[in-house]
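The values are calculated or read from the model by the stated rules, or taken from the named source; none is laboratory data. Quick caveat, the model's predicted, so the values are computed rather than measured. Counting neighbours? That spans all protein chains shown, and the Cβs are built from the backbone with ideal geometry, glycine included. Please note that ligands, DNA and RNA were not included when accessible areas were found on the heavy atoms of the full protein model with its side chains. Shrake-Rupley method; radii C 1.70, N 1.55, O 1.52, S 1.80 Å.
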Amino acid sequence: MKSPLLLLLSFLAFSAAAQPAPGPMIPREGAFVFGPATALAADEALLPLAHYAAEYLGRPVRQQMTGTGAVVLTLEPGEPSEAYRLEIAPDYIRIGATSPGGAFNGLQALFRLLPPEVYAQQGIPDGTALACGIAADRPKYSYRGMMLDVARTWVEVPMLKRFINLLSYHNINKLHLHLADDDGWRIQIKSHPELAEVGGFRGGDSPVAPVYGKWSEKYGGYYTQDEMRSLIEYAALRNIEIIPEIDLPGHSRCIGSVRPEIRCNYPPDTVTTAGTDYRSAWCVAREENYVLLEEILGEICELFPSPYIHIGGDEVEVAQWKKCPDCRAMMKRLGTVNPHRLQDYFMERLAAMLAARGKRPAVWNEAAASGTFTRASRVHGWASVGACHAATAKGYRTVIMPSECFYFDMRQTLREEGHSWASIFDARRTYEFDPAARGFSDRQLRHVEGFEGAFWTEIYT
Ligand SMILES: [Zn+2]
């Protein structure tokens, strides 16, 4: 049987091929016909893109090309944006943009006009004709994302590259990688190699107890920093920014299994769990934890060029803090009996670490619920449409991704296997989501950065 990730990939592949032509195409007389002499040419800054396109079109890159049959990529002066202009004339095809990202969008618009073989990189047959016309378009939202949970199910580099490719055909420009959760740590941290070398594997003799999939066999993997650098570069050529997430201070059972000292200061009840400590939160009161976090986030900030680093903040089991004498003492110092104040404190410390490195935090909506968290952050509203309403009303830059419309691990029909806790729906609901029709005011809409689909991998390997 195909794995669910492969099914998602084939869904994306199919819908890419099925996408309509770019909207505002103004028709012109004549047609451009691919012939034996058709080749690509580009301004210097767009040459990497020309080589990318050459693989899809099955045509060579020839600089200083004259005469007919050129597909030309041109970088135009102006404020860099993702807008593009695609001109199809009898003698040439010209894509103009003020940034490589815009030119990439223009290329994708061209691909959609071509026979589906373009996506198979089999080359465009001679004699393929495109009606002449001019299209100019720009994305409505700056954030068009997809989240992939590589923590619970390990996704190897070649598969991740394929995923990036398929996202890029849909003009998705952000890949939010969920790199650490209860069940896996997937990124090398050079100052603490055990996090990935031990935490990247579960089952067998690993201290990370398996919850999903195999029990007796040890399995998993992680990305080295060199591999991640090459993935970042691979994605960037395709106009995709990789945003890393280390989920904190909850969803941290994996690192808690590798480094048990980060947990709260009380013996867990492991009688019913066959000796396994399933506690998943960092102790907020343990000062050494912030040294470790500083070292981890320091390397993450250095590795990833994205201006935002996602630091989680969802579904923290605060009962652990209520049982911890150190956390209780800290609540007393903070003058509160509400353990959620401890999360606010923890998240602010992380935000300060990021700010010191010129980065901003991205968080799940719970971290912004109290409204005290820094407005420098970007909020991912996953829990409900109401959570997105609340975040935009508080003035947070918000990515809309309520689970009942954007979680691609929900099944699409009753007959399909999989989750249904958020809803049963298909991609039509995702694509048709319109915040204006969902009661967002003009002021709230100004805080909407865009949308994100999510593919969690809880029930698979
Ligand atoms: Zn504690």
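Details
- Gyration tensor (alpha-carbon) shape descriptor, region 304-397, a/c threshold 1.5: oblate
- Counting only alpha carbon atoms, the long axis of helix 157-169 and the longest principal axis of the chain meet at about 60°.
- Cα-based helix-to-principal-axis angle, 325-334 vs the chain, degrees rounded to 10: 70
- Options Tyr308, Phe433, Tyr119, ranked by Cα towards positive dipole end of the chain, top entry (Cβ charges): Phe433
- Tensor-based shape of region 143-455 (alpha-carbon gyration tensor, a/c under 1.5 rounded, otherwise prolate or oblate): rounded
- Dipole magnitude of region 25-137, debye to nearest 20 (Cβ charges: Lys/Arg +1, Asp/Glu -1, about Cα centre): 200
- Positive-end residue, the chain charge dipole about Cα centroid, Cβ charges, pick of Ala390, Ile240, Tyr169: Ala390
- Percent carbon-and-sulfur accessible area, the chain, ignoring ligands, DNA and RNA, probe 1.4 Å: 54
- Counting only Cβ charges, +1 for Lys and Arg and -1 for Asp and Glu, the dipole size of the chain around its Cα centre is about 840 debye.
- Charge sum, other residues only, whose C-beta stays under 10 Å from Met146's C-beta, Lys/Arg counted +1 and Asp/Glu -1: +1
- Whichever lysines have a C-alpha closer than 30 Å to that of Lys332, once near sequence neighbours (fewer than 8 apart) are set aside: Lys322, Lys323, Lys394
- If you sort the three axes of the alpha carbon gyration tensor as a ≥ b ≥ c, you get a/c of 1.5 or more for region 76-146 and a/b no higher than b/c, which makes it oblate.
- Tilt relative to the chain, helix 47-57 - C-alpha long axis, 0 to 90 degrees, to 10: 70
- All other residues whose Cβ lies under 9 angstrom from that of Ala454 are scored, Lys and Arg at +1 and Asp and Glu at -1, for a net of -3.
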